[in-house]
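Asks: Quick one: structure below, then a few questions.
The values are calculated or read from the model by the stated rules, or taken from the named source; none is laboratory data. None of these values were measured; they are calculated from a predicted model. Quick reminder, even Gly has a Cβ in these numbers, built from the backbone with ideal geometry, and neighbours come from all protein chains shown. Just so you know, the surface numbers come from the protein's heavy atoms only, side chains and all, with ligands and any DNA or RNA stripped out. Shrake-Rupley method; radii C 1.70, N 1.55, O 1.52, S 1.80 Å.
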Number of protein chains: 2
Amino acid sequence: MAENEPIPIIGGTGALGAGLARRWAAAGRAVVLGSRSAERAEEAAGKVGETVPGAEVEGLLNEDAARGAEIVFLTVPFRAQSENLNNLREALQPGQILVDCTVPLAAAVSGKATRSLGVWQGSAAQQAQEMVPEGVTVVAALHTVGAPTLADPEAELDEDVLVCGDRKADKARVAELIELIPGLRAVNAGPLEIARIVEQLTPLLISINVRYKAHAGIKLTGLPDGDHWA
Amino acid sequence: MAENEPIPIIGGTGALGAGLARRWAAAGRAVVLGSRSAERAEEAAGKVGETVPGAEVEGLLNEDAARGAEIVFLTVPFRAQSENLNNLREALQPGQILVDCTVPLAAAVSGKATRSLGVWQGSAAQQAQEMVPEGVTVVAALHTVGAPTLADPEAELDEDVLVCGDRKADKARVAELIELIPGLRAVNAGPLEIARIVEQLTPLLISINVRYKAHAGIKLTGLPDGDHWA
């Protein structure tokens with residue numbers, strides 16, 4: 001994605017979206033936070049601006065944030081994923097990449113956050129792929145990066161982000177944005193269907209975090225050094 | 001488990017079982033390899049003995065290997081899990097812990113090793129818990145430790161083992177054995193039902209290994225230092 005193009009985050013008023021916005025802003029990238037309400041979007045953008053000196057952050061309606069961007073991040077809770085994708089149908093155009101960060105936690109239906117719901121299509125990301133307009137490609141990523149860690153400017157990240165998608169070139173473009181955030185390494189986890197495993201890492205980490213009162217992340221050992229996307 | 005008690009591995013002639021046997025033998029622990037054939041068990045034990053100087057390794061029929069041990073490791077492929085548990089019904093006694101390492105890879109029915117089968121009970125480990133005699137407790141562990149890495153005496157391990165089970169005390173006893181192997185850290189991943197997530201890490205790692213021509217392991221970042229089982 002061109003360096004002067006802002007990174008759009010749909011659901012940018014939520015904890016994950018706002019956390020990503022801070023980190024990208026701190027890395028010198030412009031960000032657009034999307035929300036269903038332009039007012040709430042502007043408010044959230046203002047908060048990021050306050051905490052990151054010199055941040056270029058704007059708040060827009062979701063559709064306006066997504067329109068025309070090469071890569072769009074979707075960071076809404078599972079409960080709101082379908083509604084958001086419906087609302088984006090007119091805004092999204094062939095050639096765009098939608099990065100789905102949704103995790104089908106049972107919390108969406110008042111269940112436990114250490115359990116997940118079965119999604120008919122196999123995963124939230126595959127549901128997203130079914131719902132986006134033809135020609136829009138879904139990549140799944142960022143399920144395991146904790147919002148509290150992203151939001152804490154003192155917290156140093158040191159973890160991997162597993163990226164799923166059916167085309168390596170698309171994943172590599174998303175990986176580039178992920179790796180703008182210091183301490184995150186993007187790893188090619190395979191085709192989009194592997195999202196049904198990767199999405200489960202969130203309830204697993206929640207289970208571990210409860211036990212250790214921690215904010216755990218995932219890291220893979222034994223991978224070769226160097227550029228994983230060359 | 002008492003230090004002079006050998007560690008029994010059911011399915012010890014397979015790659016994971018033999019790999020664990022080598023590592024425990026190298027750490028100075030006696031091991032019993034179980035097989036459906038006493039001859040094959042002895043043969044496998046002989047091989048471990050050849051590669052690990054001074055190894056105390058014996059080969060026995062599965063039932064004889066399991067009988068009376070505090071903790072029994074089950075390292076058979078998913079295809080053979082039910083049959084093995086049926087055969088162990090008379091040998092296992094209340095108070096024993098069965099460590100299930102089974103992963104329901106779709107490879108069991110000629111499918112891909114990057115896909116898994118749905119198990120009615122939720123996971124292979126929960127299926128095992130249903131099948132063992134009353135009073136035997138199942139703990140799930142060691143799904144993500146690669147057999148080729150274990151088997152290679154030059155390979156240094158550096159990864160976590162996610163341990164699932166309903167009682168922390170049981171998991172702690174299993175963790176102690178796991179951590180006899182240098183480079184492995186046992187992490188409390190939650191109740192046995194979380195095995196339905198942890199078992200999925202194997203097809204995930206296989207997908208990543210294919211892409212990176214690697215033997216990847218899992219590690220958690222952000223956990224507190226010190227004894228995780230105190």
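Asks: Residue farthest toward the positive end of the dipole of region B:7-121, with Cβ of Lys/Arg at +1 and Asp/Glu at -1: which of B:16, B:49, B:111?
Replies: B:111
Asks: Can you sort B:78, B:73 by 1.4 Å-probe accessible area, starting with the largest?
Replies: Values: B:78 40, B:73 0 Å².
Per-residue accessible area, sorted high to low, gives B:78, B:73.
Asks: I want to verify a result. In a Gaussian network model of chain B, Cα cutoff 10 Å, which of these has the top mean-square fluctuation: B:128, B:151, B:214?
Replies: Taking springs between Cα atoms under 10 Å, the residue moving most is B:214.
Asks: Take residue B:110 and residue A:70, extend 7 Å from each Cα along the Cα→Cβ direction, and tell me the distance between the two endpoints in nm.
Replies: It works out to 4.5 nm between the two label points.
Asks: Rounded to the nearest Å, what's the spacing between the alpha carbon centres of region B:85-122 and region A:44-88? Just the number, please.
Replies: Result: 44 Å between the Cα centres.
Asks: Give me P(r) over region A:145-230, computed from all C-alpha to C-alpha distances, binned every 10 Å, as integer percentages.
Replies: In order of increasing distance, the bins hold 16, 47, 32, 5 percent.
Asks: For each pair in A:219/B:213; A:112/A:213; A:168/B:219; B:112/B:213; A:213/B:171; A:168/B:213, compute the distance between the two Cα atoms and list the pairs where it is over 21 Å.
Replies: Working: A:219/B:213 17 Å; A:112/A:213 17 Å; A:168/B:219 24 Å; B:112/B:213 17 Å; A:213/B:171 18 Å; A:168/B:213 16 Å.
Long pairs (Cα-Cα over 21 Å): A:168/B:219.
Asks: Sticking with this structure for a sec: Would you work out which of A:226, A:138, B:153 lies farthest towards the positive end of the dipole of the protein assembly as shown? Charges go on Cβ: Lys and Arg +1, Asp and Glu -1.
Replies: Farthest along the dipole direction, towards plus: A:138.
Asks: Next question. Between residue B:166 and residue A:37, how many nm apart are label points set 7 Å from Cα along the C-beta direction?
Replies: Using points 7 Å along Cα→Cβ, the separation is 4.6 nm.
Asks: Convert 20 °C to kelvin, take the viscosity as 1.002 mPa s, use the Kirkwood radius over C-alpha pairs of region B:116-155 as Rh, and evaluate the Stokes-Einstein diffusion coefficient in µm²/s, rounded to a whole number. Mind dumping the intermediate values first?
Replies: Working: Rh = 12.4 Å.
In µm²/s, the coefficient rounds to 173.
Asks: With a 1.4 Å probe and all protein chains left in place, how much accessible area per residue does region A:1-146 have, in Å²?
Replies: 42 Å²
Asks: Turning to a different aspect of this structure: Check the axis relating chain B to chain A and name the residue of B whose C-beta is nearest, distance in whole Å.
Replies: For chain B, the closest residue to the axis carrying it onto A is B:219, 2.
Asks: Shifting gears a bit: Within the accessible area of chain B, what % is carbon and sulfur when the probe is 1.4 Å and the other protein chains stay in place? List each step's numbers first, then the result.
Replies: Values: 4630 of 9560 Å².
Carbon plus sulfur share of accessible area: 48 percent.
Asks: In vacuum, with every alpha carbon of region A:85-213 counted as one equal point scatterer, what does the Debye formula give for log10 I(q)/I(0) at q = 0.09, 0.12, 0.23 Å⁻¹? Two decimals, please.
Replies: For region A:85-213 at q = 0.09, 0.12, 0.23 Å⁻¹, log10 I(q)/I(0) is -0.27, -0.48, -1.39.
Asks: Taking a label point 7 Å out from Cα toward Cβ, give me the nm distances from residue A:147 to the same spot in the other copies, shortest first, one decimal.
Replies: From this label point to the equivalent ones elsewhere in the assembly: 4.3 nm.
Asks: Go through region A:1-74 and name the GluC sites (Glu not before Pro) that are in a DSSP coil and have 10 or fewer other Cβ atoms within 10 Å of their Cβ. Let's see the in-between values first.
Replies: On the way: sites: A:3, A:39, A:42, A:43, A:50, A:56, A:58, A:63, A:70; in loops: A:3, A:56, A:70.
For GluC sites (Glu not before Pro) across region A:1-74 that sit outside H, G, I, E and B with at most 10 neighbouring Cβ atoms in 10 Å, the list reads A:3.
Asks: Hey, what's the Kirkwood Rh for chain B if you take every pair of different alpha carbons, in angstrom?
Replies: On the way: mean 1/r = 0.0574 Å⁻¹.
For chain B, the Kirkwood estimate is 17.4 Å.
Asks: Compute the convex hull volume of the Cα atoms of region A:58-152, divide it by the residue count, and report the result per residue in Å³ as a whole number. Numbers along the way, then the final one.
Replies: Numbers: hull volume 10.6 nm³, N = 95.
Once divided by residue count, the hull of region A:58-152 is 112 Å³.
Asks: List, largest first, the extents of the alpha carbons of the protein assembly as shown along their principal axes, each in whole Å.
Replies: The Cα atoms of the protein assembly as shown stretch 71, 38, 37 Å along the principal axes, largest first.
Asks: So, one more: Which value, in debye to the nearest 20, gives the size of the charge dipole of region A:110-230 about its Cα centre, when Lys and Arg are +1 and Asp and Glu are -1 at the Cβ? Could you put the intermediate results ahead of the total?
Replies: Details: 11 positive and 16 negative charges, 107 e Å.
Once rounded to the nearest 20, the dipole reads 520 debye.
Asks: Quickly rank A:179-191, A:8-20 as a protection proxy: mean count of other C-beta atoms within 10 Å, highest first. List each step's numbers first, then the result.
Replies: Working: A:179-191: 19.4, A:8-20: 25.5.
Most protected by this proxy first, the peptides run A:8-20, A:179-191.
Asks: Turning to a different aspect of this structure: Relative to the other copies, what are the label-point distances for residue A:112, with labels 7 Å from Cα along the C-beta vector, expressed in nm at one decimal and sorted shortest first?
Replies: Computed spacing set for this position: 3.1 nm.
Asks: Same structure again: What dipole magnitude, in Debye to the nearest 20, does the protein assembly as shown give about its Cα centre under +1 on Lys/Arg Cβ and -1 on Asp/Glu Cβ? Don't skip to the answer; put the middle values down first.
Replies: Working: 40 positive and 60 negative charges, 150 e Å.
My answer is approximately 720 debye.
Asks: How far apart are the residue A:53 label points across copies, placing each 7 Å from Cα toward Cβ, in nm, shortest first?
Replies: Result, one decimal in nm: 6.2.
Asks: Follow-up. Hey, quick one: spin label on residue A:155, modelled 7 Å out along Cα-Cβ, who in region A:10-49 has an amide N within reach, i.e. under 17 Å?
Replies: Only A:13-27, A:48 pass the distance filter.
Asks: Calculate the mean, over all residues of peptide A:220-228, of how many other protein chain Cβ atoms lie within 10 angstrom of the residue's Cβ.
Replies: Details: counts 12, 13, 17, 9, 4, 0, 0, 0, 2.
Mean shielding count: 6.
Asks: Same structure, new question: Using only DSSP helix segments of four residues or longer, with each worth -39500 (n - 2.57), what per-residue ellipticity at 222 nm results for chain A after dividing by its residue count and rounding to 500? Could you put the intermediate results ahead of the total?
Replies: Details: 9 runs with 81 residues, N = 230.
Calculated from helices alone, the mean residue ellipticity at 222 nm is -10000 deg cm²/dmol.
Asks: While we're looking at this one, here's another question. Quick one: Debye curve from the alpha-carbon atoms of region B:34-76 only, equal weights, vacuum; give me log10 I(q)/I(0) at q = 0.18, 0.29 Å⁻¹ to two decimals.
Replies: Once normalised to I(0) and log-transformed, intensities are -0.52, -1.02.
Asks: A further question on this structure: Mind checking the dipole of region B:1-133: about its Cα centre, +1 per Lys or Arg Cβ, -1 per Asp or Glu Cβ, Debye to the nearest 20?
Replies: The dipole magnitude comes to about 620 debye.
Asks: Choose one answer from A:199, A:176, A:83: the residue with the largest mean-square fluctuation in a GNM of chain A with alpha-carbon springs under 10 Å.
Replies: Highest fluctuation among the options: A:83.
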